[in-house]
Every structure is written in structure tokens, then in C-alpha cells.
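**Q** First the structure, which I've put down as C-alpha cells, then a few questions once you've had a look.
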Amino acid sequence: MAEFSFTARNAAGQTQKGTLTAHDRTAAMSALRNRGLQPVVVKDAKKSGGMNINIPLPGGNKVKSKDLVVFTRQFSTMVDAGVPIMRSLAILKDQAESAVFKKVLEQVTADVQGGTNLSDAMAKHPNAFSQIYVNMVRAGEAGGILDEVLGRLAFQQEKDATLKGKIRAAMVYPIVIGGVTMIAFFVLMTFIVPKIGGILLSMGSDNLPIYTKLLLQFSDLLKSPIFILCAFVGIPLGLFFFKRWKKTPKGRYKWHSILLRIPVIKVIITKTAIARFSRIFASLMGAGVSIVEALETTAGAIGNAVIEKELLDASKAIQAGGQLSAELQKSPHFPPIVAQMMAVGEETGKTDEVIIKIAEFYEEEVDTAVGALSSVIEPVMILVLGGMVGLIAVSVFGPITQINSSPGAGA
């Protein structure tokens, strides 16, 4: 017998927490349902006594998404071919290139060999297997369709990795150009402009244009100890506190709200969230997960706190007897077509099939939006870089030209 801690909801939708004793996690969930409770989280209770030694894995403890995608695809293929789970895990463990992931698979294999369910063994490693991953594997074990579920997981992860890769690739160019622009501007303002400014002053130019004077003053500011202190201490410190604030629930929600107000960024974030929601939600529904549990699990993987809250609110409304399509209709971030297609899926009983079509449509929309953003950013960044260099050239070389062309210049 083992002790489990749980979070569950009763018929009125109220959350209850506590502990219970059962043979395994499945028995614990059955006991909760027998009490009229809907399990939300059921896990091994933390022991209060003794030492809890957590040995850090070499090279960090985060498994790369690429390693997980390869593992899931290979695992799906082997299970579908009839290779026993234990043998599949042992083979994939030996083939793992990442030392971190190899260690995780060793522990998972040992737990499964000791009689633990595959999903429960994976749940012990949240840095490798997400809640969505574990829930889908658990649903596959319960329904006897683990091979099918692993195939869905592999396809979903490949799509998600492709989507993230395209977004990252689109951001490389503006980041590089932006960095080069800032470096070039800093070098010009701290090394070139002061020397030319000295030449202007030595030539007795007291009637410099206002923009030239401002440029020289700004150049002096960049070399001042106050600016250097702000640049090397203030900025890193500000970024540190900003990241700390962004990790808090309130800060994360506020920051994501701000992002959803930026015109171009809003489109990409919204379409990416809808595509990810549709793909993951369809996979969970197809694996036999209940709509409420699928919504709550998917909400945490959206990547935006504002849309996540909308989905969690929809989950509560569904528990009270509402329809998902009606709740999505209320959201300002889900287009009407999503709610309409969801309604069709609810009426026909093919929600997972219909929502897959939504995922495919919005994945293409994200590709288009990212491509459009890239095509807009390139000329804008070049224009900004050229404008900065041109401003410096006009501010510095313009007065020199005027001095050389003045009547007394050749005397």
C-alpha cells in the first residue's frame, strides 16, 4: 500500500485536497471516483521524514525537445511493431545521445521493471516528460491503445518543434541586425564622433547646429562613468528583476497582456496559441481523455497566461453544464470560425477530427504570419541602421562642410 496526495473536484465544482492510501495510482483514482470526486491531480505523497537526496544530472536536468521527439517517434514505431515496452526502453536508453536523457530513461526503465506503470514512471521526470505527455501515455495504457497514442504524441511533438523552429528562425535575422546596429552605433558615438567633435571645436566653430550639439552631448554621455555604471550594472540588474517579475503569476499575466496589444506580435501569438491548443487538445481527446481534463492540461501548454485563463474558465463552465464552442465564442482571442467548427464537432461527436483541421489551418496561418513578419522586419531594420548612420553623418560632416565653404576658410 502507498500513500497518495490528491486534488479533486466534487459535483458542485469545489476543489478538495487530501491524502489516501491505495495499492497504486489507478486504485487511488478509482477510490476518488467512488466518493463522487473527479480527480485532477493524484501523485505519490511526499515523505515527511528522512533525507530526500536529489542528485543533479550531469550537464543540467533539462531534456532537449529534439531528443524527446526522436525518442517518441522511435518508441512509437517499436511498440507498434510489437516490441515489448521493456525491450523498447532498454534499446532506446542505449541509443540516447544525451547523457541527461539517458539517465532519465535508465530510471524509467528501472521503475517499469519494478512494476510501475509507464505513465507513472515518466511522471517522476517532469523536466523530460510534460504533464500532457504523461496524461496521453496514461490514457493509452488505460484504453489499450498505447501504440496509437505514442504515434499521436510523436506527430504532435514534431509539429510543435517545427512551429517553434520557424518562429526562432524568423527572429534570428532581426536579432542579428539589431545587435550589429547597436554595436555600430556605440562604436561611432564613442570613438569616431568625439574625434570629429574635437576637430570642430578646434576650428572655432561656435555656431554648430542644434542637432550637432545634441549629438556631441550624447556622445559625451555614453563615455561618462554614470552611463557605464548603468550599462554594466543597471541594465543587467533591471533584466534580472524583470525576469523575476515575469515569473510571478501576476507579472506573467500582465506581460502576456501587453504582448497581446502589440499589433503584429499579437497575430503571431494568437495564431500560434490556437494551433498549439488545437493540436494538443485533439490528441488528448483522441486518446480518450475527458474534455475537462484535456482543457485543463492543454491550457498550461498554450504559452500565454491570458489565453490560458480563458481556457480554464471555459473548463469550469463546462463542468457547470456549458458547451466548449459557446465558451470559445466569448473569447476575444479565438476567431468565430474556431467556435463554429467546434460546435460542428460537438454535434457530430467528432470533436478531435474537426479540431485537427483547425490545427492544420492555423499552423499554415502561423507560417504565413511569420513569413510576412520577416519580410517586413528586414527593410525596417535596414532603414533604421541607415537612418542612424545618416543622422550621425549629417550632424558631424555637415558643419565641417560649412566651415570649409565659409569665406574665411581659405585665409
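**Q** Can you give the helix-only mean residue ellipticity at 222 nm for the chain, where every DSSP H stretch with n ≥ 4 adds -39500 (n - 2.57) and the sum goes over all residues, rounded to the nearest 500 deg cm²/dmol?
**A** Here the helix-only value at 222 nm equals -23500 deg cm²/dmol.
**Q** At a Förster distance of 60 Å, what's the computed FRET efficiency of Gln16 paired with Ile175, Cβ-Cβ distance as r, to 0.05?
**A** So, using R0 = 60 Å, E works out to roughly 0.80.
**Q** Placing unit charges on C-beta atoms (Lys and Arg positive, Asp and Glu negative, everything else neutral), compute the dipole magnitude of the chain about its Cα centre in debye, rounded to 20. Numbers along the way, then the final one.
**A** Details: 43 positive and 33 negative charges, 265 e Å.
The calculation lands at about 1280 debye.
**Q** Quick check: residue separation of Lys316 and Val394 times 0.36 nm, minus the Cα distance between them. What number comes out in nm? Could you put the intermediate results ahead of the total?
**A** Details: separation 78, 0.36 × 78 = 28.08 nm, distance 6.19 nm.
Gain on stretching Lys316 to Val394: 21.9 nm.
**Q** If you don't mind, another one. Return the FRET efficiency for the residue pair Ile183, Ala372: r is the Cβ-Cβ distance, R0 is 45 Å, and the value is rounded to the nearest 0.05.
**A** On the way: r = 28 Å, r/R0 = 0.62.
Calculated value: 0.95.
**Q** Ignoring trypsin sites (Lys or Arg not before Pro) that are buried or in helix or strand per DSSP, and keeping those with at most 16 other beta carbon atoms within 10 Å, what is the longest stretch of the chain between them?
**A** 125-260
**Q** Please compute the contact order of the chain in relative form: average sequence separation of alpha-carbon pairs under 8 Å and at least six residues apart, divided by the residue count, as a percent.
**A** Result for the chain is 14 percent.
**Q** Of Val338, Phe186, Val384, which is farthest along the charge dipole of the chain in the positive direction, counting Lys and Arg as +1 and Asp and Glu as -1 at C-beta?
**A** Result: Phe186.
**Q** Identify which of the listed values of Cα extents along the principal axes in Å was calculated from the structure shown: (1) 103, 52, 42; (2) 72, 42, 35; (3) 65, 46, 42.
**A** Only one option fits the structure, namely (1).
**Q** Measuring from centroid to centroid over Cα atoms, what is the spacing of region 181-200 and region 292-361 in Å?
**A** The distance from the Cα centre of region 181-200 to that of region 292-361 comes to 55 Å.
**Q** How large is Rg over Rh for region 263-411, taking Rg from the Cα atoms and Rh as the Kirkwood inverse mean of 1/r across Cα pairs? Don't skip to the end; give the middle numbers.
**A** Working: Rg = 26.2 Å, Rh = 18.5 Å.
Radius of gyration over Kirkwood radius for region 263-411 works out to 1.42.
**Q** Kindly state, to the nearest 0.05, the FRET efficiency for Phe218 paired with Glu97, given R0 = 60 Å and r defined as their beta-carbon distance.
**A** Efficiency, from the Cβ-Cβ distance: 0.75.
**Q** Place a +1 charge on the Cβ of each Lys and Arg in region 65-129 and a -1 charge on the Cβ of each Asp and Glu, then give the dipole magnitude about the Cα centre in debye, rounded to the nearest 20.
**A** On the way: 7 positive and 7 negative charges, 17 e Å.
Magnitude of the dipole: close to 80 debye.
**Q** Obtain the nm distance between the two label points defined at Phe232 and Thr348 by a simple spin-label model: each point lies 7 Å from its Cα along the Cα-to-C-beta direction.
**A** Placing both labels 7 Å beyond Cα along the Cβ direction yields 6.5 nm.
**Q** Between Gln217, Gln157, Gln131, find the one with the highest GNM mean-square fluctuation for the chain; connect C-alpha pairs within less than 10 Å.
**A** Maximum fluctuation in the GNM of the chain, among the listed residues, is at Gln217.
None of the figures in this text is laboratory data; all of them are computed from the coordinates on show. Everything numeric in this text was worked out from a predicted model, so none of it was measured. No Cβ is skipped: glycine too gets one built from the backbone with ideal geometry, and neighbour counts run over all protein chains shown.
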